Amino acid sequence: MKKSIFVLGLAALSLMMGSCGTNSTLSQVGAQVLNNVLLGSTGTTTTTGNTTTDNATGVLGNILNSVLGGSSKPTLQQLVGTWKYSQPGCAFTSDQLLAQAGGEVVASQIKAKLQPTFQKIGIKSSNTSITLNENKTFALSLAGKSFSGNFAYNEDTQQLTLQGLLLTINCYAKRNSDGIALLFESSKLLTLLQTLSALSGNATLQTVGDLSKSYDGMRIGFDFK
């Protein structure tokens, strides 16, 4: 019975997506993901040893991991520590219906597009990290450029504000399965990269600017472990 309700709910969501033409790319991806979930929920399972996994549950879990809010909200205590950059980060705001349907697939594609840009700027695990302390001070290193000060965190909105002497950075904190992500509105990430990497006007950053025009409700930035 629970599975039938789940399938009917996703079917209704698929119909709603089909009637919305504001973002055809995201709609198509979302429809495909929903199709996969529906197929999985009709009895497709994977058995490994003594463990049986419902593929639909796994797909839905991945989708929700790409959306800000809910289980992705970290507490202040969960943010405290030193985190090293691992890869570009991407998620969507929780009030975006299409993002919830196709978020994980689109997020993976966006991370792949950002990776060459970040590499050209020089962002890597050895020179990009952040330390968030219990006394609400922080130290950020981005492509070897250092920035420090105090921070404030709103657990309800997931907004993290890094306040330094000459620069204030507003972003969103997200909890991943293996760490955290700091995510920005794409235009604000572009400004940050231009400021700290001295690449203002450089064509290397064009990808970030292009992405800001392609998807609504998107946040991009950095995954940390």
Mind telling me which of the residues Lys136, Lys120, Lys113 ends up being within 16 Å of Leu192 (Cα to Cα) and open to solvent by 70 Å² or more (accessible area, probe 1.4 Å)?
Lys120
Being of a type in the set (A, V, I, L, M) and within 25 Å of Ala107 (Cα to Cα) is the filter here; which residues of region 163-195 pass it?
Ile169, Ala173, Ile180, Ala181, Leu182, Leu183, Leu189, Leu190, Leu192, Leu193
Among the candidates Gly149, Gly89, which residue alone is modelled with pLDDT of 95 or more and open to solvent by 20 Å² or more (accessible area, probe 1.4 Å)?
Gly149
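The values are calculated or read from the model by the stated rules, or taken from the named source; none is laboratory data. Note that the structure is a prediction, hence the values are computed from the model and not measured. The area values use the complete protein model at the heavy-atom level, side chains included, leaving out ligands, DNA and RNA. Shrake-Rupley method; radii C 1.70, N 1.55, O 1.52, S 1.80 Å.
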